[in-house]
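**Student:** Pasting in a structure now, in structure tokens, and then I'll have a few things to ask.
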Amino acid sequence: MGEKNERDPEREPSHYSAINVSVLGEVERDLRFHPCGRARDPEVLSHEQIDAFNRDGCLAGIRAFDSGEIAGHRRYFDDLLAGAKLGVRTAKDS
């Protein structure tokens with residue numbers, strides 16, 4: 001039987017360290033802005049939102065979190081900022 005392949009979370013790369021920087025220069029990338037096409041019957045965004053994105057390059061006013069979720073995120077970052085100002089690292093930071 002083969003050896004069991006268990007992942008060690010302590011050794012897992014973060015999304016930043018998983019990028020092989022030496023290869024990025026070899027990858028052909030197109031970083032220009034490409035406007036969205038005009039869908040006949042869009043399912044998620046309105047025609048006005050698509051036009052705004054093509055004009056401005058971003059969308060504003062889209063609710064990503066409900067009020068309870070955003071309150072939790074706000075508390076987390078307030079605590080993180082308070083700890084950073086004091087030079088304190090908490091268990092949540094690791």
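**Student:** With r defined as the distance between the Cβ atoms of Val88 and Ser67 and R0 fixed at 25 Å, what FRET efficiency is calculated, to the nearest 0.05?
**Tutor:** Efficiency computed from Cβ-Cβ geometry: 0.30.
**Student:** Taking 0.36 nm per residue of separation and subtracting the Cα-Cα distance, what length does fully extending Arg74 through Leu24 add?
**Tutor:** Result for the pair: 14.5 nm of gain on full extension.
**Student:** Select from Phe77, Phe53, Ser67 the residue farthest towards the positive end of the dipole of the stretch 33-87; place +1 on Cβ of Lys and Arg, -1 on Cβ of Asp and Glu, and compute about the Cα centre.
**Tutor:** Projecting each Cα onto the dipole axis, the largest value belongs to Phe77.
All of the numbers you see were taken from the coordinates with simple rules; none came from a lab. Owing to the predicted nature of the structure, the values given are computational and were not obtained by experimental measurement. Note that we place each Cβ from the backbone using ideal geometry, even for glycine, and neighbour counts take in every protein chain shown.
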